[in-house]
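What follows is a structure written as structure tokens; I'll ask about it next.
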Amino acid sequence: MAEAEEAVKAAWELLDKERDYVTELTQAIVRIPSVNPKFVQDPAQNNEPAVQDRLQSETEALGFATERWEVFPGRPNLVSDLAGDEARSLILCGHVDVVPIGQKADWTVEPFGGEIREGRLYGRGSFDMKGGVAACVAAARAIRKAGIKLQGRLSIHTVVDEEAGGFGAMDAVAKGKLAKAAIIAEATDGNVVASEGGLYWVRITIRGRQAHAGWRFNEIWPQHDAPDRPISGVNAVELATRFLMALRDYESIRCRTTSHPLVPAGLNTINPGVVRAGAGLGDDGLPMIMGNPAIIPDVAVIDLDFKFLPNEDAGEVRKEFESFVHHFCQQDRWLREHPIAVKWALGDLYFPPMDTPADHPLAVSLIKRHGELCRESSIKGFNAVTDAAHYAGAGVAPLIFGPGGDGAHGTDEYVEISSLHDTSKTIAAAIIDWCGVR
């Protein structure tokens, strides 16, 4: 214990002495535009490799072994490793992609300028989450420069594509880049986030029967059977309308009857985000004709943003929802014979739930060390999703902890410089507590 306390003291002294390092590194990588190209394709803005170049030079200078590979063409992940015991291994993780700036005229500062004003460092990605990335590097640097030898392996993962689904972290996990625990340095204003719900994108495909709208009477008002009676259409839009009404009741019931202590009641919503209907089902899974109301549509496609709670099992969630869909279909003669199709993980988007125990030793360390520096942290849940989910799904115990600021995905985004410094010191101490010293 005394050895660890001496190591923490040495790391903190170095961080205090070289206080400007974390600010200058944040400023440098904010000034490299790294907008996710899935949102905007512009060579002047799509510079994730340049951010990774800078980070790689920093970690290699500290003696980390680095591995870099492309998740998508021109979009590299970077993993920096300091060898050690696997039983006390730790990942520090952050993403290097950012969202677009929106209307530049709405900003009062240069979006990629890294301007410092009244204790705040401004720029797209400063808060989400280049400040957290810089704090991780600064913490590791302090440990190395103070001559502290860690017992456990320390890895720094800087990944791409978090803003469009987390495919960078997913790829790192798929390649076996794991550890016993992880700190995801998303901005939390010094609080420790131990839980976040799971998320699926789900596609619902409802099939009707196509016909001419002039014969709609034949569908809704029973005609006498006769040899020349046209085959009636089945309007997929109307089937979808009934389904959405039933879905709203199902959502209400599951939100009322399940809960988790760290997230808001009712967080496990099912949002119908996109609805498309028309005639003919194309190879892309969407209606082929969507601009002709003279056709009774035979296809309705509903894409759902399907959330579930940190303490819910993904398999049970799927089973329960599919049971709801099955029983809905059983109430309709047409759907009994032509059941609704459910496609999980649309676009390969799936975030496993994260539910790290609040008394996990790494959480205890973060709370203790942050309290020693400035103020006591709170244990919280997260309302959205982060890359922590992908590590949790692979058996890692992740926590989310990072600096304060504001403006994520908005204008005049900034990170608090004092919070950058406190975050660096807290993470450095947590590394020492978790990994141990030798």
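Just so you know, all these numbers are worked out from the coordinates, no wet-lab data involved. All values derive from a computational prediction rather than experimental measurement. Cβ placement follows ideal geometry from the backbone for every residue including glycine, while neighbour counts extend to all protein chains displayed.
For A384 and K319, FRET efficiency with R0 = 30 Å and r from the beta-carbon atoms, rounded to 0.05?
0.75
On to the next question. Per q in 0.08, 0.11, 0.15, 0.16 Å⁻¹, report the Debye log10 I(q)/I(0) for the stretch 198-350, using one uniform scatterer on each alpha carbon and no solvent.
The Debye formula, applied to the Cα set alone, gives -0.28, -0.49, -0.82, -0.90.
Here's something else I'd like to know. Name the residues of the stretch 387-431 whose amide N is less than 13 Å from a point 7 angstrom out from the Cα of F39 along the C-beta direction?
In the stretch 387-431, the label zone of F39 (backbone N under 13 Å from the point 7 Å along Cα→Cβ) covers 407-413.
Let me ask something else about it. What net charge is computed for the residues neighbouring S232, neighbours being all others with C-beta under 11 Å from the C-beta of S232, Lys and Arg scored +1, Asp and Glu -1?
+2
How high is the FRET efficiency between K9 and D189 when r is their beta carbon distance and R₀ equals 30 Å, given to the nearest 0.05?
For R0 = 30 Å, the calculated efficiency reads 0.75.
Right, another one. What number does the chain give for Rg over Rh if you use C-alpha atoms and the Kirkwood radius? Before the final figure, lay out each step's value.
Values: Rg = 25.8 Å, Rh = 23.8 Å.
Radius of gyration over Kirkwood radius for the chain works out to 1.08.
How many nm is it between the label spots at I289 and R438, if each spot is 7 Å from the Cα in line with the beta carbon?
Result for the modelled spin labels: 7.1 nm.
Got a sec? Charge dipole of the chain, +1 on Cβ for Lys and Arg, -1 for Asp and Glu; which of A428, L247, V274 is way out at the positive end?
It is L247.
Here's something else I'd like to know. Using modelled backbone amide H atoms (1.01 Å from N, in-plane), which distant-in-sequence or interchain residues come within less than 5 Å of E413's amide H?
G123
Next question, about the same structure. Treat every Asp and Glu Cβ in the stretch 220-318 as -1 and every Lys and Arg Cβ as +1, leave all other atoms uncharged, and give the resulting dipole magnitude about the Cα centre to the nearest 20 debye.
320
Which length gain, in nm to one decimal place, applies between T108 and R216 when the Cα-Cα distance is subtracted from 0.36 nm times their residue separation?
Length gained between T108 and R216: 33.2 nm.
I would also like to ask the following. Could you pull out the GluC sites (Glu not before Pro) across the stretch 361-438 that fall in loop regions by DSSP (anything but H, G, I, E, B) with no more than 14 other Cβ atoms inside 10 Å? Each step should come with its number before you reach the end.
Values: sites: E372, E376, E413, E416; in loops: E376, E413.
Sites meeting the loop and neighbour criteria: E376.
Cα-based Rg (one decimal) and Dmax (whole number) for the stretch 69-226, in Å?
25.0, 92
So who's got an amide H within less than 5 Å of the one on R209, skipping anything under 5 residues away but keeping other chains? H placed 1.01 Å off N, in plane.
It is V234, N235, A236, by chain and number.
Going through the stretch 85-140, which GluC sites (Glu not before Pro) have at most 11 other Cβ atoms within 10 Å and a DSSP loop state? Could the numbers behind the result be given before it?
Numbers: sites: E86, E115, E118; in loops: E115, E118.
The qualifying sites are E118.
Suppose we keep just the DSSP beta bridges with both residues in the chain; what percent of those would be antiparallel, to 5?
Roughly 70 percent of the beta bridges in the chain run antiparallel, per DSSP.
Follow-up. So what are the ³J(HN,Hα) numbers for the stretch 93-109, from phi and the Karplus equation (6.51, -1.76, 1.60; θ = phi - 60°), rounded to whole Hz, Gly and Pro as x?
Result, rounded to whole Hz: 10, x, 9, 9, 7, 10, 7, x, 7, x, 7, 4, 4, 7, 8, 9, 10.
Residues of the stretch 1-40 with backbone nitrogen within less than 16 Å of a virtual label 7 Å along the Cα-to-Cβ line of K149, please, listed as ranges.
Flagged as within label range: 3-4, 7.
Contact order normalised by length for the chain, with contacts defined as Cα pairs under 8 Å and 6 or more residues apart; what percent is it?
25
Here is a further query. Hey, rough spin-label estimate for V342 and E70, points 7 angstrom out along Cα→Cβ, what's it come to in nanometres?
For V342 paired with E70, the spin-label model returns 3.9 nm.
Measure nothing fancy, just the Cα-based angle from helix 417-435's long axis to the longest principal axis of the chain, in degrees from 0 to 90, nearest 10.
Its long axis makes an angle of about 80 degrees.
For the ranges 99-108, 395-404, what's the packing order if you count other beta-carbon atoms within 10 Å of each residue, average per peptide, and put the highest first?
Numbers: 99-108: 13.2, 395-404: 24.2.
Final packing ranking: 395-404, 99-108.
At 7 Å along the Cα-to-beta-carbon direction for both D225 and R276, put a label point, then send me their distance in nm to one decimal.
Using points 7 Å along Cα→Cβ, the separation is 3.9 nm.
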